[in-house]
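In what follows, a single structure is set out as structure tokens and then discussed.
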Amino acid sequence: MFLGRSIRLKGYSSRLALRNPSYLWGASATRMPAYSTQVQLDPMTGEATSLPDIQPGRLEIIRNEKPIPPPPSRTLKFGHTFTDHMLTIPWNAIEGWGIPKIEPYGPFQLEPSSTVLHYAQTIFEGMKAYRDETGKVTLFRPDMNMKRMNNSAKRIALPTFDGEACLELIKELIRLDRHWIPREPGHSLYVRPTLIGTQKYIGVAPPSEALLFVICSPVGPYYPNGFKPIALYGTTEYIRAAPGGTGAYKLGVNYAPGVMPQKEAAALGYAQNLWLHGPEHYLTEVGTMNMFVVLKKEDGGFELVTPPLDGMILPGVTRDSVLTLAREHISGKNKLDQLTDNLVVSERPITMTEVKEASLSGRLVELFGAGTAAVISPVDRIGYLGEDIHIPAGEDGMGSVSRPIWKELVGRQMGSIESDWSVVVAQ
């Protein structure tokens, strides 16, 4: 037996884990792959050329001795409730990535001089764990989140890491708190990996210390009472991003400046900002989501348009999924029921002038946002320069292009449609 509630696993070679893995995780326990724990040395000089990366085999688990029962699913508000445990992994410039710990959810102790508090050295990701009818728990395309998180870290000089190793630890956290995943349809466990600079000295420079942590929150469906199209405010007073800036990265600094414009849009009766850029008023993103426009072509077919990844647009996982499903349908690789074959996909700039002209001529078919939280968020009007541009919406709020793509996406996420995009966490 072990003393207290702390367990330390070394590559799953501990006697406890070998004797009875289900003691920790239940019958679905899995073996972690081996990762190098050695500092890489230059063969000529003997000096360190790289620091230790994240090492799942060093994981320590400190169980919460005062767990709380998950609340009724009907009471859930997005981002308000958190599970019993969190994952923390420290880093410093001398020793590299330290011992990962799964420990009780609770406050951090940070120095007032920590760089995250002064210079916004923070990045984050958002993904979801789903439970299907058989109890199997999966993550949706988490490799893309790890890749994007590393790209964001590079952009603000935070330490990068082995995404696969980090993902193994995230899976362990989810397995421990899997009972927090609601069983009702459309519900999931929102997973929030975050990396912050914790250097204890004031100064604009790459931090010498950092902390990667992951918290989880049970969430209900974004539209609990069915799809409801939203109204957007075409924002010309502010911009979300600019060429050469940080719009393509998931940084904390990109989000706080959007709060005031969001409040102003709400005061005018609009749900979200439609972020525009330049004197041409190019469409970029919808609130915190990527954006798609569907236009009718001269031959009666449809064009699915989304702004290109030009450095201002966040490379969303849902964005990539929508584009991939549409292109696989067009190519015949994976046909989607009720989606027209006369469809083209365009990653190109689109202006408000083009959207307005399409609306006036009857060629504007639909407009929707796409992101982890809502998956698909249909839009029925845009307030622009003092007038509203109205956008068609079906009886269920969705259009003829977004609806079949949404059904396929949600089916893959929830496990009713088999897909290699779903990564198994626990059976």
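With the structure loaded, tell me whether LEU274 is surrounded by 13 or more Cβ atoms within 10 Å (Cβ to Cβ) and either part of a loop (DSSP other than H, G, I, E, B) or hydroxyl-bearing (Ser, Thr, Tyr) (or both) or whether it fails that test. The answer is no for LEU274. Within the stretch 404-413, the set of residues being closer than 10 Å to LEU339 by Cα and surrounded by fewer than 21 Cβ atoms within 10 Å (Cβ to Cβ) comprises just one member, PRO404. Once the stretch 215-229 is narrowed to residues that are at pLDDT 95 or above and touching a Ser or Thr at 6+ places or on another chain (Cβ under 7 Å), the residue that is nearest to TYR105 (Cα to Cα) is CYS216. Selection over the stretch 241-271 of residues that are in a loop (DSSP other than H, G, I, E, B) and open to solvent by 50 Å² or more (accessible area, probe 1.4 Å) gives a count of 5. Using the structure shown, decide if SER416 is out of contact with any Pro (no Cβ under 9 Å at 6 or more places or on another chain), modelled with pLDDT under 95, farther than 18 Å from LEU339 by Cα and surrounded by fewer than 20 Cβ atoms within 10 Å (Cβ to Cβ). So SER416 passes the test.
Assessment of the stretch 113-122 against the conditions (part of a strand (DSSP E or B), under 19 Å from the mean Cα position of the chain (by Cα) and assigned by the TED database to the domain that holds THR198) yields at least one matching residue.
Yes/no matrix, rows are residues, columns are (1) outside the structural domain of ARG327 (by the TED database); (2) over 23 Å from GLU264 (Cβ atoms):
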{"site": "LEU360", "(1), (2)": "no, yes"}
{"site": "ILE376", "(1), (2)": "no, yes"}
{"site": "LEU385", "(1), (2)": "no, no"}
{"site": "HIS390", "(1), (2)": "no, no"}
{"site": "ALA393", "(1), (2)": "no, yes"}
{"site": "ASP420", "(1), (2)": "yes, yes"}
{"site": "VAL424", "(1), (2)": "yes, yes"}
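One residue stands out in the stretch 135-178 among those that are among the hydroxyl-bearing types (Ser, Thr, Tyr) and in contact (Cβ under 8 Å) with a residue 12 or more places away in the chain: the one that is nearest to VAL423 (Cα to Cα), namely THR138. Do you know which of the residues in the stretch 381-403 that are within 24 Å of VAL317 (Cα to Cα) and out of contact with any Lys or Arg (no Cβ under 8 Å at 6 or more places or on another chain) is surrounded by the fewest Cβ atoms within 10 Å (Cβ to Cβ)? In this case the residue turns out to be SER400. The residues of the stretch 128-162 that are small (Gly, Ala, Ser), surrounded by 19 or more Cβ atoms within 10 Å (Cβ to Cβ) and over 18 Å from ARG412 (Cβ atoms), listed by number, are SER152, ALA153. In the stretch 189-222, what residues are over 30 Å from GLY397 (Cβ atoms), out of contact with any Leu (no Cβ under 6 Å at 6 or more places or on another chain) and in a loop (DSSP other than H, G, I, E, B)? Within the stretch 189-222, GLN199, LYS200, TYR201, ILE202, GLY203, VAL204, ALA205, PRO206, PRO207, SER208 qualify.
Against the definition (within 21 Å of TYR233 (Cα to Cα), modelled with pLDDT of 95 or more and not assigned by the TED database to the domain that holds PHE78), how does GLY371 come out, yes or no? So GLY371 passes the test. For beta carbons closer than 7 Å, sequence separation of 6+ or different chains, a first residue in the stretch 63-76 that is open to solvent by 100 Å² or more (accessible area, probe 1.4 Å) and a second that is modelled with pLDDT under 95 and in a loop (DSSP other than H, G, I, E, B), the qualifying pairs are GLU65/ARG5. If I filter the stretch 50-62 down to residues being β-branched (Val, Ile, Thr) and outside any loop (DSSP other than H, G, I, E, B), which single residue comes out as most open to solvent (accessible area, probe 1.4 Å)? My answer is ILE62.
The values are calculated or read from the model by the stated rules, or taken from the named source; none is laboratory data. Note that the structure is predicted; figures quoted are calculated from it, not measured. Note that we place each Cβ from the backbone using ideal geometry, even for glycine, and neighbour counts take in every protein chain shown. Accessible surface is based on the protein model in full, side chains and every heavy atom, while ligands, DNA and RNA are left aside. Shrake-Rupley method; radii C 1.70, N 1.55, O 1.52, S 1.80 Å.
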